[in-house]
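The values are calculated or read from the model by the stated rules, or taken from the named source; none is laboratory data. Everything quoted here is computed from the prediction, not taken from an experiment. Please note: Cβ atoms are built from the backbone with ideal geometry, for glycine as well, and neighbour counts cover all protein chains shown. Each accessible area value is taken on the protein alone, full model and side chains, heavy atoms only, with ligands, DNA and RNA left out. Shrake-Rupley method; radii C 1.70, N 1.55, O 1.52, S 1.80 Å.
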Amino acid sequence: MARRLLLPLVAAALLSTAVPARALPAFARRFNLACGACHSAVPRLNAFGEAFHENGFKPPGTMWTPLPGTLSDAVTQGMAVWARGEFFEHSDFARGPSPRGGFAVPEHASIYLAGPLTTSTSLFVELENTVHETDINKRGDFVNSDTGGMQKAFLMVDLPMLFGLHGGHEMDHEMHHHDMEMGMATMGDGLVGHGPMVMIGRVDPSTNFSYAVDRQLFHDLPADTSETGFLLRLGLQPYAFGAKFFGIFKRGDHTLLPTEPTLYNTEAAPGVDVHGRLFASKVLYQFGLTTDAAPEFLDRIHTAAPYAMLRYDFGDQDGLNGSVSVLGNYGRNAYRVFYLAPAPLPLIPLAVPEETLREPTLREPPSPLHRPPPPPGRGSITAQQDLDVWREGIGANLRRGPWDAYGAYTYDQVYDVPERLAGRFVRRAQGLTAELDYRLTHSLLPSVRYDWMKAGGFQSDVVFEPGPRESQVLHLQMRWYLFEGDNLAKVPIPALLVLSLRDSVNLTPGGSHPFGAWRNALLLGFDFAF
């Protein structure tokens, strides 16, 4: 959520100084901060940046916030534009189509409105347009389309501040700065804590996880589909956060690809999130509830997915530091599966009229007029079943100097699978993602990421041919920060421009299955924010 939740951080559009960091110049101007104060590398947050977000987009320990005095200040200090994605791709396939390559429209463009509204309440809104969104049409073909709407939109409320429970909150915050660090504020008679903070709206639940979904240096690459409606390659996204099951759907009839982030690790979902700390602890608690309603807020709710997460922070800001997170997440009717079931048998009339089947006239069970065997070849019908899912996971990050390391592992299991699918539907799945980044120079940032997934779901069906349900992908990338808001002599406005060269290599190629049909993808991308 740093990327989008910290408007400034994420759009690098409003923070304007510092090392490659995605800090909004808006937040920078409002709080007189440099981008590097919150970011180790855009859009990654350092320990201070994480505390900045925890504190409702305010510096850690701050109980007072400067509010815009005019409409012009409100726009310049709370608005950003960010475009990112790949503008060129060249993909090789193990079999099937010849190499595909060419220029394309970048995947994402967003407008952000964010920042504190009062001392206790902050706002975050992201209006996003996404191209190459993959779904199945009514003919059963995979197609890409453009989507847009309100991706994220929520209020963050500091409950103790709202109800006046922070001791000394009426005094100048600078007098108490030495008593507050990492978002901690004095409460009552010596009770120290942070929050609880409540987010309500379309939230990004994993923003406080050690390895956040929406804080990636590698852009999410959409699925590749052929002109005839076949899926050539699944989306290249962190496997640990994916749905991990083949042949499942969400919101009734929208396909859910195995690598698409879901549940707690979704990019955004309507819900309520609570997080905070107690007694100046290094442990952050988080719990909440999300649903699967569509981004337009008009779709009805089909499911509920409660979650709980604990994160332990260690180290200090200037040396070795990091965190470890554990997660539990349960999705009620979160997925749906379609399958063929035998057509129901016709009703068999009874020898005794139905109105006479009352005590005491009925002395014995009624007998049918005849007992024919089930008719041969009676046909089948399309049936559906909603599935519950349990997800447990662990994530961690480690930071020291120019090095950043991130990793996450999740285990998913679905329940209520129809008996008709016994032996054909795998109920368990796993995913792992690990990443290492190194700040080579102020402008160059090489990264490597490894993804592994042992997927579940249908072993084969009419959509996905039989093939490997295990995949490994290695991503290599170099990001080049051409300019940032910290060099206003070179760039007249607070802005960020990053170019990236990436090669994603399939370590398990082979067959026509979308896990193995492709060999590698060479990509050129960019991030531009102002």
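Please list Val198, Val272 from largest to smallest accessible area, probe radius 1.4 Å, with all protein chains kept in place. Spell out each step's value before the answer.
Values: Val198 20, Val272 65 Å².
Largest to smallest exposure gives the sequence Val272, Val198.
With each label point set 7 Å from Cα along the Cα-Cβ vector, what nm distance links Glu419 and Ile200?
Using points 7 Å along Cα→Cβ, the separation is 4.6 nm.
Could you look at the stretch 374-459 and say what percent of its accessible area is carbon and sulfur, using a 1.4 Å probe and all protein chains?
Working: 2380 of 4140 Å².
Reported share for carbon and sulfur atoms: 58 percent.
Determine, from the Cβ-Cβ distance of Val448 and Ile111 and an R0 of 35 Å, the FRET efficiency 1/(1 + (r/R0)^6), rounded to the nearest 0.05.
Details: r = 32 Å, r/R0 = 0.92.
Here the calculated transfer efficiency is 0.60.
Give me the percent relative contact order of the stretch 231-282, please, defined on Cα pairs under 8 angstrom at least 6 residues apart.
Working: 47 pairs, mean separation 16.4, N = 52.
Relative contact order here is 32 percent.
Among Lys152/Lys250; Lys152/Lys454; Lys152/Lys244, which pairs are too far apart, with a Cα-Cα distance over 21 Å? Each step should come with its number before you reach the end.
Details: Lys152/Lys250 19 Å; Lys152/Lys454 30 Å; Lys152/Lys244 24 Å.
Flagged as over cut-off: Lys152/Lys454; Lys152/Lys244.
Work out how much length Thr118 to Met150 would gain on full extension: take 0.36 nm times their residue separation and subtract the Cα-Cα distance, in nm to one decimal. Mind showing how you got there, number by number?
Values: separation 32, 0.36 × 32 = 11.52 nm, distance 2.28 nm.
Difference between extended and current length: 9.2 nm.
Enter the accessible area of Ile394 (Å², nearest 10), with the probe set to 1.4 Å and all protein chains included.
It works out to around 80 Å².
Under a plain spin-label model, where a point goes 7 Å from the Cα along Cα-to-Cβ, how far apart in nm are Phe287 and Ala104?
Placing both labels 7 Å beyond Cα along the Cβ direction yields 4.2 nm.
Spin-label point model (7 Å from Cα, Cβ direction): what's the Phe314 to Leu162 distance in nm?
3.5 nm
If you count only protein heavy atoms and use a 1.4 Å probe, how large is the accessible surface of Trp480, to the nearest 10 Å²?
About 130 Å², ignoring ligands and nucleic acids.
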